[in-house]
Amino acid sequence: MKSQKCKGMRDLLPEEMLRFRRIEDVFRTSCSNWGYQEVRTPTLEFLHLFTATGTLTPSMLSKVYSFLDWDGWSGERVVLRPDGTIPVTRLYIDNLTGQELARLFYVTNIFAFEGTGKENRERWQCGAEFFGGAKVAPDVEIILLAEEVIRKLGISNVRLQLSHAGLVRALLKKLKLSPTEEAKIANRILEGDWQALTKAKAASPEVQRIMATLLSLKGKSSSFLHNVKASFPKASRDFKSSLDDLINVATLLDSLGCNYKIDISAIHGFEYYTGVCFQFLAAGRNIGGGGRYDNLVPLMNGKDVPACGFALYVDPMMKLLSLEKEKEVKSGILVKGKELTPEIAETCFTVAESLRSAEHTAELAFTDREESDYRWVILVSGKQPSPFVITDCVRGRQRDAASMAEIVKVVNEG
Amino acid sequence: MMDYRNGYIKLALPKGRFLSPTASLLAEINLGFQDYSDKTKQYRLRSARFPNLFAKILQEKDIPIQLAVGNYDLGICGLDWIEEFLVKYPAGALVKIASLNYGEGFIHVVTSTQADITSLDELSNGRNDYRIVTEYPNLAEAFALDLRMKRFRIFPVWGAAEAYPPENADLAVLWGKSGLDIAGQGLIPLRRLLPVNAFLIANRESLESKDLSQILDCFSSQLTDDAQTSMENESDTSEALKISDTLWRAKEINLALPDGHQQPPTLQLLKRAGLELQGYSENEVVSRRPSADLDWLGIKVIRPQDMPLQVANGNFDLAITGEDWLREHLCRFPSSPVKKLFVLGFGAVEVVAAVSQEMPVADIHELRALVQSNKFAPLKVASEYINIADRYLHDNRINPCKLIPTWGASEAFIPEDADMLIDNVQTGKTLEQHKLKIIDVLFQSSACLIANKNSLASPDKKEKTGFLAQKLRAGLS
């Protein structure tokens, strides 16, 4: 039969939901432990939140699901949330702007059209945002928090890459392009085409040297950045101050024993970043990223509040999770009636309920289904003096039981 | 009934502006159709040369959609309607084959002398909420997003986009022969989006799997590299243009009057009501802004289809439109602040559901059963009133179905391109001619006066809108 599911949409089956919840649980626990509070924003937002310069790139905007609501006669379009950060920033401005600091986290779906059919149009992400606070320490905090979640999930061979949005902007300025040209190249870069930078005409030899160095070298410590700084004494003030920012974050990460690579191209897709940016890569895929976006709150008519944040991408991470441990252990109890008379059915429900009260998972059997998945099977025959037969599926033993209390006792003793 | 689905090559040909040049081209490449002329009453054409070639004359706007859904293999259509479709559905089933050698004008982004916009940079950097009026909502949205306009609203209209700026829109995206032509209408051209020339287009699947080579061969002499109309062939910067400055002054109360068929009876009504108008005539559009002898009254002539939305937005306090278009608007926006004041007693039509006389159903219940039994599933429904049609299909549990928007003459769609139509009829004669039968009457509609509820309640406007409505009521024959 032909699937009746919408194109680009995805069902999450029980096994996938186990992975999904595992990620969510680890993420929630870590965020709570770091003092972040959970929020949830609506699925629909106004399109204009996302159209202002400095939020989403034109190519992302061309893929949003926007439409007129039932009361949209004024032409004001709404959109299915295409990004996690902008709605949370709106939530912060609308509700929490009096708070000096706000640490917020969320698990949400985002929507973006995808024409090739290879990717989902609805994707899930776990994100955290830090509003307020000065530079450096919050940047390091969000990097370490993201890193902790990935580590606790047991995803291996993860690479952390650091960059700085200000460096990229300073380089673009050096090209002395027209505003339209500059915007064009910036967009290409944000979509991953870094060669656009080197191909741009009008670059002086000095600028080309900086770009070649930054695009080709990948440093592993703050020393690398000090070297870069020393190699380009004539670089612009913007360039140097961005570099200093990155040096400060890198130095703190060094002293906390966090490994990373400096890779200027570790910025992807978002225009709102202004400071240090980072990406996590595993198995060749981008599994998360974030950075500092100090202009976003003022740009959305909020106060001049600096902010930074990250999002982990649930869909690629689900594929990297190993869930073998949870599969190996047989668990659960099956409660089964010998016949399905009303009396026996009633007893089955009561037995299952008393097992659940004792913190066990108890399932009722209504068909002759396979019993091997369970740790215990309780057969309810209703015959006195031993109306119950307990099967220990692990040890392969059977015994009679006279009362529910006896069943609970046997199961508890394992 | 001839089966057009198998073995036939189906070609969609344009009505209207490109009909004559397309007919000349087809004659020249020996692909002519006898009845393809301005005077034809036929929709369906057969080729004398290729017995397997079948053509239909369609509204240009319908052609990209009809090709994309697979009803036609090839088509000829202006680039504006093609791009309007492709910008929204780039991955769709429509493929451009080649530009043909004829066409006229450009799609321009324009503003008015009084909108205070002098360059595109202002649009990207400004914090204003720009109102864009257009027949091309998809092109307009792509333009606004591409320019990174921070905030904008798009008002799709059926026509007369040039009439909206400055008071009812800041920008318009519209067709114009040249910058000079735009300036002649008192507007400033800001950017040309694309040249409007005719294109040969194809359905992707037909191109991939069906032998169309016989037909494409005929076009081969036309498919040269330099056929594309260049965007650079005419330079018109706004400085070089002399823009006729129409003085416009805000009025207290604004009234919209219809163009087209409703003009003569509306004029009669106004006369009986004792409203003397300068510049509103029986037939043609003399001026988009006729004037009345009431100095507080602003009048504009626009399409009746566009009025409910414009009244909802407060651009007009009162308007003369049809009940059908009011209902269409309210189906889309149920809480819209537009109200019908009274009917005017002309322009009476019935909005009906009709099918081919050969379809074995007498009413909508039998049709539902037929669709449920998997014959005619999904049911293809063509309508100008997409929101009315959508609600009607829901209410009658017609499922599965596909709604095909059309821009007039939906009777031509049945039977090959649609199974049912929802359209207005005056006498039923057209339906009879096309061998269609009515299976349901959705409602009766006639011209009516509509008002913005807020204007009726506003202390500043209440009195004058009431006065005007009373005057018009007195003119009812």
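The values are calculated or read from the model by the stated rules, or taken from the named source; none is laboratory data. All of these numbers come straight from a predicted model, not from anything done at the bench. Don't worry about glycine lacking a Cβ; one is built from the backbone with ideal geometry, like all the others, and counts go over all protein chains shown.
Given region A:91-204, what helices (runs of 4 or more DSSP H) lie entirely inside it while holding 1 or more residues that are touching a residue at least 40 places away in the same chain (Cβ under 8 Å) and either surrounded by 21 or more Cβ atoms within 10 Å (Cβ to Cβ) or over 21 Å from the mean Cα position of the chain (by Cα) (or both)?
Answer list for region A:91-204: A:137-152, A:165-174, A:179-190.
Being within 14 Å of chain A (Cβ to nearest Cβ) and of a type in the set (Ser, Thr, Tyr) is true for just one of B:SER383, B:SER335, B:SER281. Which residue is that?
Only one candidate qualifies: B:SER335.
Please count how many residues of region B:150-165 are at pLDDT 90 or above and either surrounded by fewer than 21 Cβ atoms within 10 Å (Cβ to Cβ) or within 12 Å of chain A (Cβ to nearest Cβ) (or both).
10
This table checks each residue for (1) within 37 Å of the chain's Cα centre (by Cα); (2) surrounded by 20 or more Cβ atoms within 10 Å (Cβ to Cβ); (3) touching a residue at least 24 places away in the same chain (Cβ under 8 Å).
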position	(1), (2), (3)
A:CYS308	yes, yes, yes
A:HIS360	yes, no, yes
A:TRP376	no, yes, yes
A:VAL394	no, no, yes
A:GLU406	no, no, no
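If I filter region A:71-90 down to residues being more than 14 Å from chain B (Cβ to nearest Cβ) and over 13 Å from A:LEU44 (Cα atoms), which single residue comes out as surrounded by the most Cβ atoms within 10 Å (Cβ to Cβ)?
If we take residues in region A:71-90 being more than 14 Å from chain B (Cβ to nearest Cβ) and over 13 Å from A:LEU44 (Cα atoms), then A:THR89 is surrounded by the most Cβ atoms within 10 Å (Cβ to Cβ).
Residue-by-condition table, conditions (1) of a type in the set (A, V, I, L, M, F, W, C); (2) outside the structural domain of B:GLN433 (by TED's automatic domain parsing); (3) without any contact (Cβ under 8 Å) to a residue 40 or more places away in the chain; (4) closer than 28 Å to B:GLU84 by Cα:
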| residue | (1), (2), (3), (4) |
| --- | --- |
| B:LEU19 | yes, yes, yes, yes |
| B:THR22 | no, yes, no, yes |
| B:ILE57 | yes, yes, no, yes |
| B:ILE65 | yes, yes, no, yes |
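Quick grid of which residues meet (1) crowded, with 16+ Cβ neighbours inside 10 Å; (2) aliphatic (A, V, I, L, M); (3) without any contact (Cβ under 8 Å) to a residue 12 or more places away in the chain:
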residue: A:GLU38; (1), (2), (3): no, no, no
residue: A:THR41; (1), (2), (3): yes, no, no
residue: A:LEU44; (1), (2), (3): no, yes, no
residue: A:LEU47; (1), (2), (3): yes, yes, no
residue: A:THR51; (1), (2), (3): yes, no, yes
residue: A:SER59; (1), (2), (3): no, no, no
residue: A:LEU68; (1), (2), (3): yes, yes, yes
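Would you point out which residue out of B:LEU212, B:LEU187, B:LEU174 is away from chain A (no Cβ under 14 Å) and surrounded by fewer than 24 Cβ atoms within 10 Å (Cβ to Cβ)?
Just one listed residue meets the conditions, B:LEU212.
Can you name the residue in region A:55-70 that is at the interface with chain B (Cβ under 9 Å from one of its Cβ atoms) and part of a helix (DSSP H, G or I) and is also nearest to A:THR85 (Cα to Cα) among such residues?
Ranking the qualifying residues of region A:55-70, first place goes to A:LEU61.
Would you check if A:TRP73 is at pLDDT below 95 and more than 20 Å from B:PHE143 (Cβ to Cβ)?
yes
Out of A:ALA365, A:ALA352, report the one residue that is hydrophobic (A, V, I, L, M, F, W, C) and either at pLDDT 90 or above or closer than 30 Å to A:LEU56 by Cβ (or both).
Matching residue, one of A:ALA365, A:ALA352: A:ALA352.
Per-residue answers, yes or no, for (1) among the β-branched types (Val, Ile, Thr); (2) part of a strand (DSSP E or B); (3) away from chain A (no Cβ under 14 Å); (4) surrounded by 24 or more Cβ atoms within 10 Å (Cβ to Cβ):
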{"position": "B:ILE107", "(1), (2), (3), (4)": "yes, yes, yes, yes"}
{"position": "B:ALA115", "(1), (2), (3), (4)": "no, no, yes, no"}
{"position": "B:ASP121", "(1), (2), (3), (4)": "no, no, no, no"}
{"position": "B:SER124", "(1), (2), (3), (4)": "no, no, no, no"}
{"position": "B:TYR130", "(1), (2), (3), (4)": "no, yes, no, no"}
{"position": "B:ALA144", "(1), (2), (3), (4)": "no, no, no, yes"}
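Pull up region A:129-144, narrow it to residues that are touching a helix residue (DSSP H, G or I) at 6+ places or on another chain (Cβ under 6 Å) and not aromatic (Phe, Trp, Tyr), then point me to the one that is nearest to the other protein chains (Cβ to nearest Cβ).
Going through the qualifying residues, I end up with A:GLU129.
State which residue is modelled with the highest pLDDT when the search covers only region B:282-319 and only residues that are farther than 23 Å from B:LEU187 by Cβ and assigned to a loop (DSSP other than H, G, I, E, B).
Looking at residues that are farther than 23 Å from B:LEU187 by Cβ and assigned to a loop (DSSP other than H, G, I, E, B), I get B:ASP317.
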